[in-house]
Amino acid sequence: MAQSTVSCLNGALSAIDEANAADPNLEDGEPAALLYGRRMSAELERLYPDASDPLRIAARGQHIERWILPRATYPEGKAGYHAWRRELAEHHAQRVGAIMAAAGYGVADIDATGRMLRKEGIKRHKDVQSLEDVICFVFLKWYFSPFAAKHNDAKVLGIVQKTARKMSDDARQRVLAEFDLPEPLAAAFRQ
């Protein structure tokens, strides 16, 4: 007898949380990847309450075991950064895919989740774009202020502009409605 989708979803999310609980990096006294995954799920629920199981799983697994591929092990600069991000995305997709298979999901759902985690079809595929919008909201809500405190205004503006470019038009409008951003940061979301 096949497992119910609720049972499959709960099993996958629990397994992701279990993997992320091993993160040696702590934030607010919790493993950073575990906290990030929970924040992603909460923001997804707020922004897209009718999200599919693959999108729910992709949101929770967005940073699964991120610490095992440290940025410092890749060359400095843009090429090194992009290589690191590609390998992380592939690791996330493979690891989450294995968890989904163990939880009872089929190939189509596993492939859909992998596509989201690898960001294949951003701006073209609804679920891939929805995941990116959630990622951007989580960044703005929990990680932007600490980032901005460590960097100069030009770098902060550049990151905000890149963040805004990744978002859908609807998500950019929500940012303007929900966040009190100073100019020229707010201008990045109006373009």
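Considering only residues of segment 63-88 that are surrounded by 17 or more Cβ atoms within 10 Å (Cβ to Cβ) and closer than 19 Å to residue 18 by Cα, which is nearest to the chain's Cα centre (by Cα)? By that ranking, first place goes to 63. Which residues, taken from segment 16-53, are of a type in the set (S, T, N, Q) and more than 13 Å from the chain's Cα centre (by Cα)? Within segment 16-53, 20, 25, 52 qualify. Scan segment 89-103 for residues that are open to solvent by 50 Å² or more (accessible area, probe 1.4 Å) and within 27 Å of residue 6 (Cβ to Cβ) and the total you get is 5.
Across segment 42-62, the qualifying residues are those that are of a type in the set (A, V, I, L, M) and assigned to a helix (DSSP H, G or I), and the one among them that is surrounded by the fewest Cβ atoms within 10 Å (Cβ to Cβ) is 42.
Does residue 130 qualify as being under 17 Å from residue 16 (Cα atoms), hydroxyl-bearing (Ser, Thr, Tyr), at pLDDT 95 or above and in contact with a helix residue (DSSP H, G or I) (Cβ under 8 Å, 6 or more places away or on another chain)?
Values: under 17 Å from residue 16 (Cα atoms): no; hydroxyl-bearing (Ser, Thr, Tyr): yes; at pLDDT 95 or above: yes; in contact with a helix residue (DSSP H, G or I) (Cβ under 8 Å, 6 or more places away or on another chain): yes.
Judged against the criteria, residue 130 is not a match.
The set of residues in segment 1-41 being of a type in the set (Val, Ile, Thr) and surrounded by 18 or more Cβ atoms within 10 Å (Cβ to Cβ) consists of 16 alone.
If you go through segment 76-107 one residue at a time, how many are within 18 Å of residue 63 (Cβ to Cβ) and either outside any helix (DSSP H, G or I) or among the aromatic types (Phe, Trp, Tyr) (or both)?
The initial filter retains those residues of segment 76-107 that are within 18 Å of residue 63 (Cβ to Cβ), namely 81-100.
In the following step, the residues that additionally are either outside any helix (DSSP H, G or I) or among the aromatic types (Phe, Trp, Tyr) (or both) were identified as 81, 84.
Residues that pass the stated criteria total 2.
Counting only helices (runs of 4 or more DSSP H) that sit wholly inside segment 118-191, those with at least 3 residues that are open to solvent by less than 30 Å² (accessible area, probe 1.4 Å) are 126-138, 153-166, 169-178, 185-190.
Evaluation of residue 113 against the conditions (1) over 20 Å from residue 19 (Cβ atoms); (2) within 13 Å of the chain's Cα centre (by Cα) shows that the sole unmet condition is (1).
The values are calculated or read from the model by the stated rules, or taken from the named source; none is laboratory data. This one's a predicted model, so the numbers in the text were calculated from it and none came from an experiment. A quick note on method: Cβ atoms are made from the backbone with ideal geometry, for glycine too, and the neighbour counts reach across all protein chains shown. All accessible areas refer to the heavy atoms of the entire protein, side chains included, with ligands and DNA or RNA removed. Shrake-Rupley method; radii C 1.70, N 1.55, O 1.52, S 1.80 Å.
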